[in-house]
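This report concerns only the one structure given below.
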Amino acid sequence: MNEPQPEGTSGVRPETPESLALDEALSGQAATGAAAGALDPNGDEMVRKLRRRAWTVVGVAGGLMLASLVAFGVLYRTPYVALIPGSARDTEPLVEVEGIADFPSDGEVLYTTVRLRQRPNFFEYLWRTFDDDAEVVPEEQIFGDRTPAENREANLELMASSKDVAVAVALEQLGYETITESGVFLREIITDTAADGTLEPGDIITEVEGVPIYSAVELVDALADKQPGDEVSFTIVRTEIANATGFDRANHGGETSELSLVLGENPDDPTRAFLGVGPQTLIDVNDDLPFDVDIDSGSVGGPSAGLAFTLAILDQLTPGELTGGRQIAVTGTINPNGSVGSVGGVPQKTAAVRDEGVEVFIIPAALGEDRIAEVRERAGDDLEIIPVSTLEEALVALETLGGDTEAIEEFAAGNL
């Protein structure tokens, strides 16, 4: 139904000057809006291009920064040394016997090694720091004031001495008279101590206050009652020998001198006197025997295989199985009196032994309770740790494990 329109209206706005002006204004706005709408796509494209360029710049900068960090991590060498597990190797192939019967074994006495990663890069430093089987230490703790080459040479000399002592101790155990203690060889002079600047590595102490000294034990005993500040006289021999074997006290060919030193304080106990040397008993080895025993250690350095070599020689020169036919890993130095000395890197050696599947590891009791506890933790449940203080204790341990030690006793009895 259509409603009637008021008179004078028709539903169409009449054209007036005012209405024409309004129409023109509205038309202009519409045209402007249409033009703006037509330009919008080009504006969006420009924004997108700018954004792409910005992200490209960010990506390139980030890539360069990442590359720089990677290069730094790879190329920067940290002033540390990483001790990591080495190997557990059979000693029998290294022992060479001529002029006497030998008895190859089914079992194995294994000597253990540690690998040194000198100045690892930053990434390896981080990796080894969080590796339970590795230990990262400042490089001066390993090398002291030596260069790596000098340290290598010193370790080879220690190995040579260790092999000589191992052969001599094994033959003594078998009843031969092979060892004569002849003085105290100074392996090391500790910085900022009484000995520093006067004594030198390689010096040999033969007397303390006029009393002859034949062993490191006697040197320690001679200084036991001294106090910090006491002046003590020493007789020393300066000669060309490189290690603690082969020293003839009567015919050494070196230069003998007397000197006095004022003893300092022991850093662990200021009430005790301290000389500041690393002593080792010198021995004169009797090599006038109708047979030869040699050990070919190749390029391996250090003294830590001494006990292992001693046991290997005993096993090879006697019938029966000293190890009971088992694989037995061993570490520790051997001293002329048969005592077993402490060595470094035992947690890493333990990891190597564990990973080889060996079930028994003989270590020095001289490591101390804390270190031995750490070694046992590293060993896990399948590797038995046996600390020993002497060669005799090691032989008792092997006998308990099923090894044949009676053959050693019988051999020795035949040489009495």
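The values are calculated or read from the model by the stated rules, or taken from the named source; none is laboratory data. All values derive from a computational prediction rather than experimental measurement. Note that we place each Cβ from the backbone using ideal geometry, even for glycine, and neighbour counts take in every protein chain shown.
Scanning segment 128-145 for residues that are among the charged types (D, E, K, R) and either surrounded by 15 or more Cβ atoms within 10 Å (Cβ to Cβ) or not in a loop (DSSP other than H, G, I, E, B) (or both) returns Arg128, Asp131, Asp133, Glu135, Glu139, Glu140. Restricting attention to segment 187-228, the residues that are at pLDDT 90 or above and assigned to a strand (DSSP E or B) add up to 10.
Okay, residues lined up against (1) within 30 Å of Gly276 (Cα to Cα); (2) polar (S, T, N, Q); (3) touching a Gly at 6+ places or on another chain (Cβ under 7 Å):
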| residue | (1), (2), (3) |
| --- | --- |
| Asp102 | no, no, no |
| Arg115 | yes, no, yes |
| Trp127 | no, no, no |
| Ala170 | no, no, no |
| Phe185 | yes, no, no |
| Ile189 | yes, no, yes |
| Gly197 | yes, no, no |
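Tell me whether segment 59-80 contains one or more residues that are surrounded by 14 or more Cβ atoms within 10 Å (Cβ to Cβ) and under 30 Å from Gly202 (Cβ atoms). For segment 59-80, residues surrounded by 14 or more Cβ atoms within 10 Å (Cβ to Cβ) and under 30 Å from Gly202 (Cβ atoms): present. Exactly one residue out of Glu384, Glu406 is in the same structural domain as Thr323 (by TED's automatic domain parsing), out of contact with any strand residue (DSSP E or B) (no Cβ under 9 Å at 6 or more places or on another chain) and surrounded by fewer than 16 Cβ atoms within 10 Å (Cβ to Cβ): that is Glu406.
Results for (1) of a type in the set (Gly, Ala, Ser); (2) touching a residue at least 24 places away in the same chain (Cβ under 8 Å); (3) out of contact with any Gly (no Cβ under 7 Å at 6 or more places or on another chain), shown as yes or no for each residue.
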position	(1), (2), (3)
Phe309	no, yes, yes
Gly341	yes, yes, no
Gly345	yes, yes, yes
Ala365	yes, yes, yes
Glu374	no, yes, yes
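Restricting attention to segment 213-239, the residues that are of a type in the set (Lys, Arg) and farther than 21 Å from Gly254 by Cβ total 1.
May I ask you to list the residues in segment 260-270 that are surrounded by 12 or more Cβ atoms within 10 Å (Cβ to Cβ) and modelled with pLDDT of 90 or more? Step through it out loud before you land on a result.
Within segment 260-270, the subset surrounded by 12 or more Cβ atoms within 10 Å (Cβ to Cβ) is 261, 263-267.
Matches in segment 260-270: Leu261, Leu263, Gly264, Glu265, Asn266.
Among the numbered conditions (1) over 21 Å from the mean Cα position of the chain (by Cα); (2) buried (at least 18 other Cβ atoms within 10 Å of the Cβ); (3) under 18 Å from Glu92 (Cα atoms), the only one that Ile334 does not meet is (1). Checked against the criterion of being surrounded by fewer than 24 Cβ atoms within 10 Å (Cβ to Cβ) and modelled with pLDDT under 90, segment 348-369 has no qualifying residue.
Among all positions in segment 132-143, there is no residue which is farther than 14 Å from Gly301 by Cβ and over 14 Å from the mean Cα position of the chain (by Cα).
Listed conditions (1) under 22 Å from the mean Cα position of the chain (by Cα); (2) more than 22 Å from Val165 (Cα to Cα) are all met by Leu367, apart from (2). Applying the condition of being of a type in the set (D, E, K, R) and more than 14 Å from Val360 (Cβ to Cβ) to segment 394-416 and asking which residue is farthest from the chain's Cα centre (by Cα) yields Glu410. The selection criterion, being surrounded by fewer than 21 Cβ atoms within 10 Å (Cβ to Cβ) and not assigned by TED's automatic domain parsing to the domain that holds Leu261, does not hold for Glu200.
Restrict the check to segment 393-400 and report whether at least one residue is out of contact with any Cys (no Cβ under 6 Å at 6 or more places or on another chain), over 24 Å from Ala170 (Cβ atoms) and assigned by TED's automatic domain parsing to the domain that holds Gln327.
No, segment 393-400 contains no residue that is out of contact with any Cys (no Cβ under 6 Å at 6 or more places or on another chain), over 24 Å from Ala170 (Cβ atoms) and assigned by TED's automatic domain parsing to the domain that holds Gln327.
From the set of residues in segment 355-409 that are in contact with a Ser or Thr (Cβ under 6 Å, 6 or more places away or on another chain) and of a type in the set (D, E, K, R), which is farthest from Gln327 (Cα to Cα)? By that ranking, first place goes to Arg378.
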